[in-house]
Amino acid sequence: MNHLSKNDLSEDDLLKSDLSKNGLPKDDLPKGIIFVISAPSGTGKTTLCKMLAAEFTDLKLSVSYTTRAIRPGETDGKSYNFVSNEVFERMIANNEFIEWANVFGNKYGTPVKSVLHKPSYDTLLEIDVQGAEKIRKYYDEIHKLFNLVRIFIKPPSEEALIERLKKRGEIKEEELKRRLEAANYEIEKSRFYNYTVTNNILEKAYSKLRSIIIAERCKNVFL
Ligand code: ADP
Ligand code: 5GP
């Protein structure tokens, strides 16, 4: 596993970041690779991440907290930790998130404990573009002292995205419109990610995604 020396990191460097204030102490920086995966809602990100988890059993999938209602087929504690707004607000106040964001009127957050593994696990964070941007800022502020790899999954077309959003469950016309607008905004941000994978044929997209994981694990970060 690659990790970098953090000996020359000053306390000031760490305090510059909101995330470090939110409880990522210097000695607890992630040891493994943090893979961030973002995609417009309905693209197939959950499907692809489940495939990764089945093949790479040593990859830890972070379970986020959310205030949104549970959907059919989801499991509390596995898909998400479903909590009330009150509990979420308390967690924010207690600095329990390394990042959190408002997405489609609900709050979503990544718990600090997801990335603070004592052993060197690689971790997968399935988060939106706002959360990915917060983590990238933190990473830059602390001089890239852990390994961060950001992957964007794109839908092949707007038509395909509409079809998948409908396939996932009942969706109101207004909600569909809102998700499509958000999708365009998110796709615009894909250029800031290290990789972009288009999820057209599922098996092909998965093949590219797994290649990225394998290649990143072989990379010499000091070069
Ligand atoms: P997300 O997590 O990005 O919101 P999901 O993984 O829940 O998306 O997928 C949304 C729907 O699209 C699901 O019904 C899933 O089975 C389907 N799906 C995922 N990938 C593909 C693909 N490549 N082709 C067709 N349908 C897909
Ligand atoms: P959904 O409600 O469809 O499961 O997710 C909606 C959006 O919230 C997706 O883009 C998903 O990636 C994002 N999301 C899920 N968990 C988190 C999280 O912990 N933080 C952030 N910032 N976004 C999240």
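Worth a mention:
- Residue selection: Glu170 satisfies the criterion of being in a loop (DSSP other than H, G, I, E, B), without any contact (Cβ under 8 Å) to a residue 60 or more places away in the chain and exposed (fewer than 14 other Cβ atoms within 10 Å of the Cβ).
- Residue count for the range 27-51 satisfying the condition of being of a type in the set (A, V, I, L, M), within 14 Å of the chain's Cα centre (by Cα) and closer than 30 Å to Glu181 by Cβ: 5.
- Selected residue (criterion: farthest from Tyr139 (Cα to Cα)) from residues of the range 181-197 that are of a type outside the set (D, E, K, R) and surrounded by 17 or more Cβ atoms within 10 Å (Cβ to Cβ): Ala183
- Condition check for Ile142 on (1) without any contact (Cβ under 8 Å) to a residue 12 or more places away in the chain; (2) away from ligand 1 (no atom under 16 Å from the Cβ); (3) more than 26 Å from Glu74 (Cβ to Cβ); (4) not basic (Lys, Arg): one failure, at (1).
Results for (1) in a helix (DSSP H, G or I); (2) modelled with pLDDT of 95 or more; (3) more than 16 Å from ligand 2 (Cβ to nearest atom), shown as yes or no for each residue.
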residue: Glu159; (1), (2), (3): yes, yes, yes
residue: Lys166; (1), (2), (3): yes, no, no
residue: Arg179; (1), (2), (3): yes, no, no
residue: Thr196; (1), (2), (3): no, yes, no
residue: Glu203; (1), (2), (3): yes, yes, yes
residue: Lys208; (1), (2), (3): yes, yes, yes
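- Scope the range 41-90; condition surrounded by 14 or more Cβ atoms within 10 Å (Cβ to Cβ), touching a Phe, Trp or Tyr at 6+ places or on another chain (Cβ under 6 Å) and among the β-branched types (Val, Ile, Thr); matching residues: Thr66, Thr67, Val83
The values are calculated or read from the model by the stated rules, or taken from the named source; none is laboratory data. Just so it is clear, the model here is predicted, and its values are computed rather than measured. We place every Cβ from the backbone using ideal geometry, glycine too, and count neighbours over all the protein chains shown.
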